[in-house]
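Here's the structure we're looking at; comments come further down.
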Amino acid sequence: MGERARAAITEAIEDHGPITFAEYMELALYGPGSFYERPPVGPSGDFVTSPHVHPVFAELLARAIRDLWQRLGAPDPFRVVEVGAGDGTLAASLVRHLGDLPLAYTGVEISPGARSALGAIEGVTVTDELTGTAHLVLAHELLDNLPFRIVSGRREIRVGLASGRFVEVEAPIDDELAAVLAFMGAGEEGDADRLVPVGALSFIDDLAEVAARGYALLIDYGGAGGAGGGVHGYQGHRVVEDVLAHPGDSDVTAGVDFGLVAVRAASRGMRPLGTVSQRDALLGLGFERWLREELARQQAQLDARDGLEAVRTWSGRSRASLLADPAGLGRLRWLLLGGSELTAPSWITEPDAAPQA
């Protein structure tokens, strides 16, 4: 697969000179022979996400979605759109947990392989673009993979060719990039090695059209200023530092600047309703109660001398704890956006005080 991506990138550079890092990402992740041409997520893939770690993630997320449905006035049908739905693991679980609602669930994927997997899930409509209207748009670990450009001081870092290798090349900042930097409040000077998330900002523009009167829940790595790691990738569950070495064979990602995303959303008419760590969100949705119930079940299995089941319950509880580990998946951020008339739930604004349903 990587050879096709490498050929496409080489052709682009030969056609119009050193390309932006955003164009490089577009070809390496979403072009012919790209990383996302097939679903790379899961134990047998290149990395795992929360829905693959333990089913309780989807169970608690479904609880949050049910709350949002009620705050919307219980619409029928309830149109939920998951963008970047991947192999459908999360979609299948949410459809099952929300089966009593008038759910109209759509999975958006540009990957042909992922669309094929999603199409096999009963109750999921599949498309390749975000259009129409939705009561809730869900994006789980999407924004960190959307193309970004890179600025170093007064220059842009682009991707060129040297002796058959892809290398970083400096170029002047063009008008389009300067306009985005101005929106970010970042001039051409004093912002060394700044990531400019053109893909994420464009996504927010589209999102604001689709969910103007609904909610959007964005879950990703990052923080203020994009805290969460510089440019890196994943291949075979290992971190890749040189993302130019094997395009198409590894992921390309960086932490999301949630503050900037919130500002963009507000400029497009959506209200930022709050952001919390995944750990706090899950605790606010009842994770501790679930852990206690699983511990009680494990003890009951031991009392009944069913050691094998007790070990399975212990193993599942151990895996689930990774979801709230502040050094791992627990450091993901949940950002909730909403239309001007919508209210914010306690699990996003005051997770410590949220009822343990």
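The values are calculated or read from the model by the stated rules, or taken from the named source; none is laboratory data. All values derive from a computational prediction rather than experimental measurement. Glycine also receives a Cβ, built like all others from the backbone with ideal geometry; neighbour counts cover every protein chain displayed.
Odds and ends about this structure:
- If the condition is being under 26 Å from Leu323 (Cα atoms), free of Cβ contacts under 8 Å to residues at least 60 places away in the same chain and in a helix (DSSP H, G or I), then region 260-294 contributes Arg279, Leu291, Arg292, Glu293, Glu294.
- The residues on offer are Arg264, Arg238, Arg289, and the sole one that is modelled with pLDDT of 90 or more and either within 25 Å of Pro51 (Cβ to Cβ) or small (Gly, Ala, Ser) (or both) is Arg289.
- Hits in region 109-134 (condition: touching a strand residue (DSSP E or B) at 6+ places or on another chain (Cβ under 6 Å) and surrounded by 23 or more Cβ atoms within 10 Å (Cβ to Cβ)): Leu118, Ala134
- Members of region 57-93 found to be more than 21 Å from His135 (Cβ to Cβ) and crowded, with 24+ Cβ neighbours inside 10 Å, listed by number: Phe57, Gly86, Asp87
- Some residue of region 189-207 being in a strand (DSSP E or B), out of contact with any helix residue (DSSP H, G or I) (no Cβ under 7 Å at 6 or more places or on another chain), more than 23 Å from Ser50 (Cβ to Cβ) and touching a residue at least 12 places away in the same chain (Cβ under 8 Å): yes
- If the condition is being more than 18 Å from Ala134 (Cα to Cα) and over 13 Å from the mean Cα position of the chain (by Cα), then region 194-220 contributes Arg194, Leu195, Val196, Pro197, Val198, Leu201.
- When Arg213, Arg297 are checked against the criterion of being at pLDDT 90 or above, not small (Gly, Ala, Ser) and not in a helix (DSSP H, G or I), Arg213 stands alone in meeting it.
- Hey, Gln278 touching a Ser or Thr at 6+ places or on another chain (Cβ under 9 Å), surrounded by 17 or more Cβ atoms within 10 Å (Cβ to Cβ) and farther than 19 Å from Leu61 by Cα or not: no
- Selection from region 40-89 of residues that are modelled with pLDDT of 95 or more, aromatic (Phe, Trp, Tyr) and part of a strand (DSSP E or B): Phe78
- Comparison of Gly338, Gly286 shows that the only residue that is closer than 18 Å to Ala58 by Cβ and surrounded by 18 or more Cβ atoms within 10 Å (Cβ to Cβ) is Gly286.
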